2 protein chains.
Amino acid sequence: MEKNQEGITAKKEENFSEWFTQIVQKTELADLRYNVKGFLVFQPWSVLSMEKMYEHMEKNLQNKGHEPYFFPTLIPEENLKKESSHIGGFTPEVFWVTHGGEKKFEERLALRPTSETAFYEMFGLWIRSYKDLPFKTYQRAQVFRYETKATRPFLRSREFHWIERHSAHATEDDAFKQVLEDMNTTKEVLHDIFGIPFIFFERPVWDKFPGASRTFAADALNPNGKVIQLPSTHMISPEFSKAFNVKFMDKDESEKYAHITCYGPAISRIFASVIIVHGDDKGLKFPWDIAPVQVMIVPITDDKRIIKKAKDLKKQIEKFASVRIDISDKRPGEKFNHWEMKGIPIRIDIGLKDLENKNITLFRRDLDKKVVVSEDKVIKEIKKIAKEFTKNLIKKADKIFEGRIKDAKNLQEIKKATEEGFIAKCNFCSVDKEGISCAKIIETETGAEVRGTMLDEKNKAIGKCAICNKEAKQIVYIAKSY
Amino acid sequence: MEKNQEGITAKKEENFSEWFTQIVQKTELADLRYNVKGFLVFQPWSVLSMEKMYEHMEKNLQNKGHEPYFFPTLIPEENLKKESSHIGGFTPEVFWVTHGGEKKFEERLALRPTSETAFYEMFGLWIRSYKDLPFKTYQRAQVFRYETKATRPFLRSREFHWIERHSAHATEDDAFKQVLEDMNTTKEVLHDIFGIPFIFFERPVWDKFPGASRTFAADALNPNGKVIQLPSTHMISPEFSKAFNVKFMDKDESEKYAHITCYGPAISRIFASVIIVHGDDKGLKFPWDIAPVQVMIVPITDDKRIIKKAKDLKKQIEKFASVRIDISDKRPGEKFNHWEMKGIPIRIDIGLKDLENKNITLFRRDLDKKVVVSEDKVIKEIKKIAKEFTKNLIKKADKIFEGRIKDAKNLQEIKKATEEGFIAKCNFCSVDKEGISCAKIIETETGAEVRGTMLDEKNKAIGKCAICNKEAKQIVYIAKSY
């Protein structure tokens, strides 16, 4: 029963974890058998899509004036040590390079866990005057973290593929505008192109990025009710500018420290969200713009007329979409199931009967339905579907996400909501230091975490903290997480 | 004299080394001040171009059926040890990762110096049947070598950006066809798009890639007469397939070892050749398709009508080319020099006079000349120049390269030719082991190296070896190198 062996057998809603494992393996996104623990071999079906994700994110950043760099993968230990909270946060997770050939280095080199301490070292050399600001940079890179938590393909690996955007500004106001821009970029790319719904939270002080004064992070939601942190954007602490001497001569001829921000969309992790949000029990479902291949042509037999038609169509389609012909020796039914599982947006089946009737049969994965169109209208129809495709995926994803926030008044209600897969929303004493004890109670009793506050929260907290009964300063959101 | 400070002051033909140093620094291709020796910070002007180079090379490989992967950056020492000549060749250059956080690893991990031993480990798991062959893969990646030779930006760094293509084939014949395809790919991309002339040599046995049975490498030529090795393609030794157990069940139902090949275009090094081949005493000259920015619009004043015209033009041009407007507060003359130095293919100068006469002035960097066209013809003219641009660069580069090979009859003539910046061509006893002593004599006496033989050498070696006077088996090419 090759067909059954190949297909996804776990149900996404019932056994999400097994479903995800099968998706990664059976659609050949990544191979976990590489002989270094926590490291993946990314296979073509994920790489082709991630390359398109990179392209969209980089184009968006470049249009907003951020310029691309390639920084070294290695960072000297002295750089990491310059800012104490940063080194504190990252040291336990650093991979250390100690030797070059037979030679032992005097100072260890870190495989970058993130590159603040590489970029800001150079910012200190590059930035001189207010005319240099804003100084807007980014890089496409891999980063390395010796994770002690359990790794999961794409979600948490010891090497991941990301973009990191770093900028320096003349004023705190300008820096904050950059943070707002990042949130907007996240919406434009992750939601409007990749189709991932999320909420941006400002993290509580105890959950900030090591070295940040304020941290904002997008949380997406899995069917099992756990949130995944997607891109985060940070107001970097002034300690950093001081440690790396990032200062400039202002218009008023006084020397000032620059205000730094950074933003980190982890492409390989966002890819996990794409799979999870859109996939179904049959397999993957790719948004149009980031599908590894957008159109697959399946000749039902190897009749010459059919193959000729397939090649003709391919030529026309490749002018505006990525397209392949499946000439493998599988049976048609197997091919249909295979490409459905692989998440091809549009499949074109060409059989003799259709050919004689001058018809083409299209299968569209957004609505999981077949459409028969006359030959001369097929290109127009594909272009039409291409336009609607991601919108249909977004509509569905948004609808599922919208219903997933539930008000809670006390610990019990928080526990019930988060166990049922909701994000709980409640009054909370404070996301400053004094709230830590309440946050710990929540974590211990429910296994969920305070994810933070919303920047544009419509309602003010009125009443008491759901945990300690002190006066509530904020409304917070609570969820289980990875 | 800001203008003089900014411009390139060294002459390319007279003092090539200083010219190259100034180009890298003054056009802001890379910053060498990063605090790990031998590592560069690649700046936007090189990254924008290298990204386009990646795009062309990857598209070409994908069109030929090679599928993209991302392999881990770390390779276990046991993999490297599996093939003895490979580990022998690379061990002295490996950066070793020994710790994750506080934990010391039982086995050291290598920062990949190249990824044969990672790919073939997985080939051993993936390849089962002749139906799986040819198995065609590649990855875009950085590799790391603790070079003991002096590093030079882009030419030889301790971390470089490349593509590595790995494939497995059913027969040696198929593998060799892949090697020929690689040579063709090199021509299509490096010559026809990047404009770099080169010759493919089969390297003598003593200069093969560690682990290869045959090595073919493209040599380009610098104005100082030194050759640079650009992409190389290799027939991998059968020892590798055995060490990694890469075998398949053939049609005849017998198990056979696969024939492996690999090809490694080092994008950051090829970028050096782009700069070197096309650049002149004024600065960079980018081929059209890989220019960081293709068109720069320079408004002569900030008159509203001029700015409006600049924006109108930008909108039309960005439909088919990358274009920016220079609104900095530099004087027009400074801007002209600046963009000439930065190698912008087409500069558009917009002044009031031209505006009144409904004219546009274009400066084309391929011919270093100004063209005045009427407003309504400017888009057509830009498209026309775009088509001719790289051809003009190629014509010039090919012409310089063609005259650079000189026949030599003995050691003296080899010495003279290579010292004068030529590639010397002579009869040679043998590129097999027995020729090593003659090769050593050449190296000691002239500082030049036997680069190898040409696959499609038109003439046969008739006569005696230029060094030892034994009967010559081959015609070889000799040059100084990096």
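Given a cut-off of 24 Å, name the pairs among A:Lys59/B:Lys377; B:Lys369/B:Lys399; A:Lys12/A:Lys387 whose C-alpha atoms lie farther apart than that in the structure shown. Working shown, then result.
Numbers: A:Lys59/B:Lys377 30 Å; B:Lys369/B:Lys399 21 Å; A:Lys12/A:Lys387 27 Å.
The pairs that break the limit, which is 24 Å between Cα atoms, are A:Lys59/B:Lys377; A:Lys12/A:Lys387.
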Next on the checklist: Please report, for A:Lys131, the nm distances (one decimal) from its label point, 7 Å out from Cα along the beta-carbon direction, to the equivalent points in the remaining copies, shortest first.
Outcome noted: 6.8
Checklist outcome for this item: Scoring only Lys, Arg, Asp and Glu (+1, +1, -1, -1) among other residues with Cβ under 9 Å from the Cβ of A:Glu147 yields +3
Checklist entry - Taking H as built 1.01 Å from N, whose amide H comes closer than 5 Å to the amide H of B:Ala30, not counting residues under 5 places away? => result B:Gln43
Checklist entry - Looking at the square roots a ≥ b ≥ c of the eigenvalues of the Cα gyration tensor of the stretch B:297-354, which shape do they give, rounded for a/c under 1.5, prolate if a/b is larger than b/c, or oblate? => result oblate
Checklist outcome for this item: Shielding of A:39-46 by other chains, given as the mean Cβ count within 10 Å, works out to 6
Checklist entry - Can you tell me the Rg and Dmax of the protein assembly as shown, counting just the alpha carbons, in angstroms? => result 30.0, 101
Checklist outcome for this item: Honestly the stretch A:376-482 on the Cα gyration tensor test (a ≥ b ≥ c root eigenvalues; a/c under 1.5 rounded, otherwise a/b vs b/c for prolate or oblate) is just prolate
Next on the checklist: If each label sits 7 angstrom from Cα along the C-beta direction, how far apart, in nm, is A:Thr444 from its counterparts in the other copies?
Outcome noted: 8.0
Item to check | Under 17 Å from the Cα of A:Lys416 - aspartates and glutamates, other chains or at least 8 residues apart | outcome: A:Asp407, A:Glu443, A:Glu445, A:Glu449
Checklist entry - Looking only at other chains, what is the average number of their beta-carbon atoms within 10 angstrom of each beta-carbon in A:97-109? => result 6
Item to check | Gyration tensor (alpha-carbon) shape descriptor, chain B, a/c threshold 1.5 | outcome: prolate
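Give the Kirkwood hydrodynamic radius (Å, one decimal) of the stretch B:219-300, defined as one over the mean of 1/r across all pairs of different Cα atoms. Kindly include the intermediate steps, with their values, before the conclusion.
Numbers: mean 1/r = 0.0588 Å⁻¹.
Result for the stretch B:219-300 stands at 17.0 Å.
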Checklist entry - For the Cα atoms of chain B, what angle does the longest principal axis make with the long axis of helix B:172-186, in degrees from 0 to 90, nearest 10? => result 20 degrees
Next on the checklist: Residue by residue through the stretch B:394-402, what is 3J(HN,Hα) from phi via Karplus (6.51 cos²θ - 1.76 cosθ + 1.60, θ = phi - 60°)? Round to whole Hz and write x for glycine and proline.
Outcome noted: 5, 4, 5, 5, 4, 4, 4, 5, 4
Next on the checklist: Taking beta carbons within 10 Å but only from partner chains, what does the mean come to for residues A:118-129?
Outcome noted: 2
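List the relative contact order of the stretch B:135-250 as a percent without decimals, with contacts defined as Cα pairs under 8 Å and 6+ residues apart. List each step's numbers first, then the result.
Working: 137 pairs, mean separation 20.1, N = 116.
Relative CO of the stretch B:135-250 lands at 17 percent.
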Next on the checklist: Taking 4 °C and 1.567 mPa s as the conditions, I'd like the Stokes-Einstein D for the stretch A:27-154 in µm²/s, using the Kirkwood hydrodynamic radius from alpha carbon pairs.
Outcome noted: 75 µm²/s
Next on the checklist: What's the ranking of A:348-360, B:421-433, B:180-192 by average number of surrounding C-beta atoms within 10 Å, highest first?
Outcome noted: B:421-433, B:180-192, A:348-360
Checklist outcome for this item: Between the Cα axis of helix A:116-126 and the main Cα principal axis of chain A, the angle (0 to 90°, nearest 10) is 70 degrees
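Which net charge results for the neighbourhood of A:Glu255, defined as the other residues with beta-carbon distances under 15 angstrom from its beta-carbon, given Lys and Arg at +1 and Asp and Glu at -1?
Numbers: positive: A:Arg128, A:Lys131, A:Lys242, A:Lys247, A:Lys251, A:Lys256; negative: A:Asp132, A:Asp250, A:Asp252, A:Glu253.
Within the 15 Å Cβ shell, the charges total +2.
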Checklist entry - Does anyone have the angle between helix A:44-63 and the longest principal axis of chain A? Alpha-carbon axes, 0 to 90°, nearest 10? => result 50 degrees
Checklist entry - How big is the Rg/Rh ratio for the stretch B:2-278, C-alpha atoms only, Rh by Kirkwood, two decimals? => result 1.00
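Output the relative contact order of chain A, whole-number percent, from Cα pairs under 8 angstrom with separation of 6+ residues. Could the numbers behind the result be given before it?
Values: 933 pairs, mean separation 66.7, N = 482.
That works out to 14 percent.
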Item to check | Per-residue HN-Hα couplings for the stretch A:134-149 [Karplus 6.51, -1.76, 1.60; θ = phi - 60°; Hz; x = Gly/Pro] | outcome: x, 9, 10, 9, 7, 9, 8, 6, 9, 10, 10, 9, 7, 5, 9, 5
Item to check | Candidate aspartates and glutamates - alpha carbon under 19 Å from B:Lys81, same-chain residues fewer than 8 apart omitted | outcome: A:Glu102, B:Glu93, B:Glu106, B:Glu107, B:Glu116, B:Glu121, B:Glu239
Checklist outcome for this item: at A:Asp173 the sorted inter-copy label distances (label 7 Å from Cα on Cβ side), in nanometres, are 7.6
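In whole percent, what relative contact order does the stretch B:295-385 give with Cα contacts below 8 Å and a gap of six or more residues? Display every interim value, and only then the final one.
Working: 123 pairs, mean separation 26.2, N = 91.
Relative contact order of the stretch B:295-385: 29 percent.
Only the coordinates and a few stated rules stand behind these numbers; no lab work does. If you're wondering where the values come from, they're calculated on a predicted model, not measured in any experiment. As a convention, Cβ positions derive from the backbone with ideal geometry for all residues, glycine included, and neighbour counts pool all protein chains shown.
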